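Accompanying notes for the structure given below.
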Amino acid sequence: MKEKHGDIFTGLGGGRHVTVLLDPHSYERVAWEPRSRLDFHSYATFLMERIFDVQLPHYSPTEEKARMRPTLVHRDLQALTEAMFTNLRSVLLGDATEGASGWREVGLLDLCYGSLLRAGYLTLYGVEASPHTQESQAQDRAHSADVYHTFRHLDLMLPKLARGSLSVADKDRVCSVKAHLWKLLSPVQLATRAQRSSWLESYLRHLEELGASEEMQARALVLQLWATQGNMGPAAFWLLLFLLKNPEALAAVRGELERVLWRAEQPVSQMTTLPQKVLDNMPVLDSVLDETLRLTAAPFITREVVVDMAMPMADGREFSLRRGDRLLLFPFLSPQRDPDIYSDPETFKYDRFLNADGSEKRDFYKDGKRLKHPSVPWGAGHNQCLGRGYAVSSIKQ
């Protein structure tokens with residue numbers, strides 16, 4: 001379609017006219033267009049209700065983001081990083097010691113997804129007791145495993161839920177899984193947990209101020225489990241898979257880790273946390289993660305056209321958008337897979353986001369103009385992922 005119709009075209013699908021924009025130089029304008037012209041709220045609310053059965057009175061995504069943002073940066077981010085390190089060690093090392101003697105075999109996706117979601121759940125939603133004991137950590141591992149395995153059943157059904165294409169048997173299964181998750185994440189169950197994150201405390205206050213019932217709060221907390229944890233595990237899976245298939249990349253990452261941890265002057269086995277400044281000083285691993293996300297992250301950035309409007313393109317052209325239509329940006333195709341921006345765009349190159357001196361590379365060009373966003377795995381504008389720093393630190397750990 002892009003080769004035939006160019007960087008912008010309109011098609012009819014499912015009874016809706018959808019204008020697809022594939023010019024990365026024009027994304028910024030769309031991403032920051034006010035909600036009075038291009039709105040994501042109605043579509044987000046539709047998905048909340050259809051997939052997670054969440055209906056929040058007077059819900060405002062703008063207000064929610066404003067409430068959540070301070071709990072995911074600066075000192076609160078450092079606290080999350082420290083808790084994540086502790087919980088990852090408990091999940092990974094505890095599972096190994098509790099298992100049967102000898103080797104155990106587990107799929108790479110299950111290892112990555114399970115470890116990160118379980119540790120992330122304990123980090124955000126709290127642990128059994130503080131301070132940690134062997135008994136409380138064993139209970140945390142059992143409880144988080146229950147949360148993960150139940151969540152995975154729902155996760156596998158999400159595409160059908162979004163499309164509204166569940167069979168009768170699927171609907172019964174989904175209802176059962178949701179009911180169990182709502183029980184596990186109910187405010188009553190979470191009230192007794194220790195070391196709850198400032199993110200959780202702030203979100204629960206927000207739900208109470210909205211007048212949400214305890215049942216609706218539980219549903220919203222399941223939604224947030226998916227929003228905060230649903231992408232980290234798959235991203236870590238792809239990162240490790242690319243490293244395992246690329247010996248040169250694996251050697252480069254190992255070399256960087258050895259240098260960084262040597263400067264930390266403490267063996268990893270004795271560390272109680274990986275300082276944020278250490279995690280932030282890994283340009284090779286950052287490049288590997290950026291390249292992994294470039295090749296695998298495929299967010300749809302959608303907006304509802306609220307009023308008839310003219311949309312200016314970066315090259316000076318102007319196109320009319322009709323009220324009631326939908327605008328779609330798909331950065332997975334452009335810029336992330338654009339051969340005019342990246343040489344051999346289908347090939348994994350671990351150092352693609354590194355300069356010759358080993359520093360971070362951020363200068364990429366299309367049609368002679370520098371791209372502000374050469375890759376868009378975290379969304380853009382008003383709907384950019386708030387938890388990016390937390391997610392990146394968690395994957396690195």
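For region 109-124, the count of residues that are without any contact (Cβ under 8 Å) to a residue 40 or more places away in the chain, assigned by TED's automatic domain parsing to the domain that holds residue 170 and loosely packed, with under 15 Cβ neighbours inside 10 Å is nonzero. Within region 7-41, the residues that satisfy the criterion of being free of Cβ contacts under 8 Å to residues at least 40 places away in the same chain and loosely packed, with under 11 Cβ neighbours inside 10 Å are 12, 13, 14, 15, 34. Checked against (1) in contact with a helix residue (DSSP H, G or I) (Cβ under 6 Å, 6 or more places away or on another chain); (2) assigned to a loop (DSSP other than H, G, I, E, B); (3) buried (at least 17 other Cβ atoms within 10 Å of the Cβ), residue 314 passes all but a single condition, namely (3). Here residue 320 clears all of (1) in a loop (DSSP other than H, G, I, E, B); (2) without any contact (Cβ under 8 Å) to a residue 24 or more places away in the chain except the condition numbered (1). The set of residues in region 175-201 being crowded, with 18+ Cβ neighbours inside 10 Å, assigned to a helix (DSSP H, G or I) and in contact (Cβ under 8 Å) with a residue 60 or more places away in the chain consists of 178, 199, 200. Tallying residues that are surrounded by fewer than 17 Cβ atoms within 10 Å (Cβ to Cβ) and within 25 Å of the chain's Cα centre (by Cα) within region 203-214 yields 1.
The residue that is nearest to residue 218 (Cα to Cα), counting only those in region 30-52 that are assigned to a loop (DSSP other than H, G, I, E, B) and either within 21 Å of the chain's Cα centre (by Cα) or in the same structural domain as residue 202 (by TED's automatic domain parsing) (or both), is 40. Does residue 294 satisfy the criteria of being part of a helix (DSSP H, G or I), in the same structural domain as residue 36 (by TED's automatic domain parsing) and in contact (Cβ under 8 Å) with a residue 40 or more places away in the chain? So residue 294 passes the test.
Conditions (1) outside any loop (DSSP other than H, G, I, E, B); (2) at pLDDT below 95; (3) charged (D, E, K, R); (4) closer than 27 Å to residue 130 by Cβ, marked per residue:
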| residue | (1), (2), (3), (4) |
| --- | --- |
| 62 | yes, yes, no, no |
| 93 | yes, yes, no, yes |
| 100 | no, yes, no, no |
| 105 | no, yes, yes, no |
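With respect to the conditions (1) assigned by TED's automatic domain parsing to the domain that holds residue 350; (2) under 19 Å from residue 394 (Cα atoms), residue 280 falls short on a single one, namely (1).
Being closer than 23 Å to residue 277 by Cα and either crowded, with 21+ Cβ neighbours inside 10 Å or within 24 Å of the chain's Cα centre (by Cα) (or both) holds for only one residue in 221, 240, and it is 240.
The residues in region 11-29 that are within 24 Å of the chain's Cα centre (by Cα) and more than 22 Å from residue 313 (Cβ to Cβ) can be counted, and the count is 0.
Condition check: closer than 20 Å to residue 202 by Cα and of a type outside the set (A, V, I, L, M). Does residue 4 satisfy that? Taking the combined requirement at face value, the residue does not satisfy it. Do we find that residue 255 is of a type in the set (Gly, Ala, Ser) and surrounded by fewer than 17 Cβ atoms within 10 Å (Cβ to Cβ) in this structure? Here the answer is yes, as residue 255 does meet what is asked.
Inspection of region 157-173 finds no residue satisfying the criterion of being under 23 Å from residue 90 (Cβ atoms) and either outside the structural domain of residue 115 (by TED's automatic domain parsing) or crowded, with 16+ Cβ neighbours inside 10 Å (or both).
Scanning region 359-396 for residues that are outside any loop (DSSP other than H, G, I, E, B) and over 16 Å from the mean Cα position of the chain (by Cα) yields 360, 365, 366, 369, 370. Surrounded by 13 or more Cβ atoms within 10 Å (Cβ to Cβ) and at pLDDT 90 or above: is that true of residue 53 in this structure? Yes.
Residue 8 fulfils the conditions (1) of a type outside the set (Phe, Trp, Tyr); (2) modelled with pLDDT under 90; (3) more than 26 Å from the chain's Cα centre (by Cα) except for a single criterion, (2).
The values are calculated or read from the model by the stated rules, or taken from the named source; none is laboratory data. Keep in mind that what you see is a predicted model, and the values were worked out from it rather than measured. Quick reminder, even Gly has a Cβ in these numbers, built from the backbone with ideal geometry, and neighbours come from all protein chains shown.
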